[in-house]
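Following: one structure in structure tokens, then a few remarks.
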Amino acid sequence: MSASTRFYNMTVHLLHNNRIYEENVAIKDVLEKEGNIFLDIYFYNRQKSYIFDSAFIHDIYDISTEKLYRNIKDFIKDFYAEKTETKDASVAVAKNIHDNKIIGHLKSELTILTFIANCCGYYSTLKEKIIIEYISAQSTQAQNLSKKYLETYIKTVNPDSKDFYEAFKNLDYKNPDKIDYLCQEALKVCVVDGRLHYTEKVYMAEMLQIIRAAGINVDLAL
């Protein structure tokens, strides 16, 4: 799931065989093909994503904003507005990233944390808040940066699994306390939604294995 989606805390009512089914979902993307509109939806109960024809969606409820969408066109309007705003902000930040000396030294740590935050397909403002707090704790200068700047900076990281593993090569293993803190925060990111997903558990185990191989023993209750 893309980290940029705000529509992660949704309830959708689906039509199937003249019955309505309720699901707790994240809406990842809106797709258009030959005049038809489809939604890329992540289902939390099934832990899988599916492409749904919008014709079979009865309504959508945004739990975070308490907004009900009875008309799919109204949801699409909000979805694209959010997507455009995020893209514009990301471009603005990207122009300054290479000149940014305040949080640039945390690139490896942020790569690890943002990958962990996204690996199960469920990204939330709660996870983002933990990452922002991590940045502030590691850089006093970052405390002077706006929340919006930090949120957008995090969205530009967007690592894949290769970036995740590469990031461990640049950690400061001479500072065990710093490594331990990173691991603790990564675990907080995983469980902030109330559960430890299987994918999160797998990558946390990989993280601990790499760090322990570097000679640092971190004790996490997984």
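The values are calculated or read from the model by the stated rules, or taken from the named source; none is laboratory data. Please read all numbers here as calculations on a predicted model, not as lab measurements. To get the accessible areas, we keep the full protein, side chains included, count just its heavy atoms, and leave off ligands, DNA and RNA. Shrake-Rupley method; radii C 1.70, N 1.55, O 1.52, S 1.80 Å.
Here are the numbers for the structure shown:
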{"item": "Heavy-atom accessible area order for Thr125, Thr114, Thr156, Thr140, largest first, 1.4 Å probe", "result": "Thr140, Thr125, Thr156, Thr114"}
{"item": "Reachable aspartates and glutamates, given that their alpha-carbon falls under 17 Å from the alpha-carbon of Lys178 and they are not under 8 places away in the same chain", "result": "Glu109, Glu133, Asp219"}
{"item": "Average accessible area per residue (Å²) across the chain - probe 1.4 Å, nucleic acids and ligands excluded", "result": "55"}
{"item": "Cα-derived Rg to Rh of the chain, Kirkwood definition", "result": "1.01"}
{"item": "For the chain: relative contact order, % (alpha-carbon pairs under 8 angstrom, 6 or more apart)", "result": "18"}
